[in-house]
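For reference, the structure is listed below as structure tokens.
The numbers here are math on the coordinates, done by the rules we state, and not lab data. Values in this document were obtained by computation on a predicted structure and should not be read as measured data. Quick reminder, even Gly has a Cβ in these numbers, built from the backbone with ideal geometry, and neighbours come from all protein chains shown.
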Amino acid sequence: MIVGIGAILLTVAGAPGSRAYSPASDMEASFMARASRTVFPQQVLDPADEQLVVWAGIVRGVDAEDTDTGRPIVDLQVEHRYFDWIEDRSIQPERYFLSPKGEGHFRTRWLMPPKAPASWVMETVHQKDMVVVYGYPGIDEQGNVEMRRTEYIRLIPTELWRDDVLSYGRGPEVESLKTPMMEPQPLSEK
């Protein structure tokens, strides 16, 4: 424990409080270090722009198919949500507080690592899971935003996020919607 004037900073893992978003693996950390968190779906105009971005959202549709390579392709329809990139460990069960605001939907397709059949993906990935997507955005032939090339996806189970506490967007304005309680946000409201 480090004690400072007027504040106590706990360095114990899992201690109550807030901290910066922590990537789940070294691979995710390498993408996080390079990805822009300031480019959003409504800003994607030039399909030739090669900027790695990271977006958060909620899985609204999932499909997977096996390929001849042994690596299934996962196709996710994601509802973009603003994310403050903070993890909160307090009395409530959720760690991530997404905003109810976002910039529409986007699609991401990802070639999974070997030995993960499409049936496993369909059993593991659920609508209403939170997702963090690293990739290169673009616009498809119909004018929809998509990740043209997805580099990494992190899934966060539904029970670890909520979107009924803070409302925020690109600007500095943050509105408190309510105080998080010990009971989780109802699944029907996610």
Checklist entry - Taking +1 at the Cβ of each Lys and Arg and -1 at the Cβ of each Asp and Glu, which of 181, 111, 31 sits farthest along the dipole of the chain towards its positive end, judged by Cα position relative to the Cα centre? => result 181
Item to check | Spin-label pair residue 142/residue 109, simplified geometry with 7 Å Cα→Cβ offset, distance in nm | outcome: 1.3
Next on the checklist: Loop by DSSP (not H, G, I, E, B), at most 13 other beta-carbon atoms within 10 Å: where is the longest site-free stretch of the chain for GluC sites (Glu not before Pro)?
Outcome noted: 51-140
Next on the checklist: Using a Förster radius of 30 Å, what is the FRET efficiency between residue 175 and residue 87 based on their Cβ-Cβ separation? Nearest 0.05, please.
Outcome noted: 0.90
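Beyond 28 Å, what percent of the Cα pairs of segment 15-169 remain?
Values: 2165 of 11935 pairs.
Cα-Cα pairs of segment 15-169 separated by over 28 Å account for 18 percent.
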Checklist entry - When we measure straight from the Cα of residue 178, which lysines land under 22 angstrom away, once same-chain ones fewer than 8 places off are left out? => result 101, 128, 190
Checklist entry - Say each of residue 68 and residue 24 gets a label point 7 Å from the Cα, pointing the same way as Cα to Cβ; how far apart are those two points in nm? => result 3.1
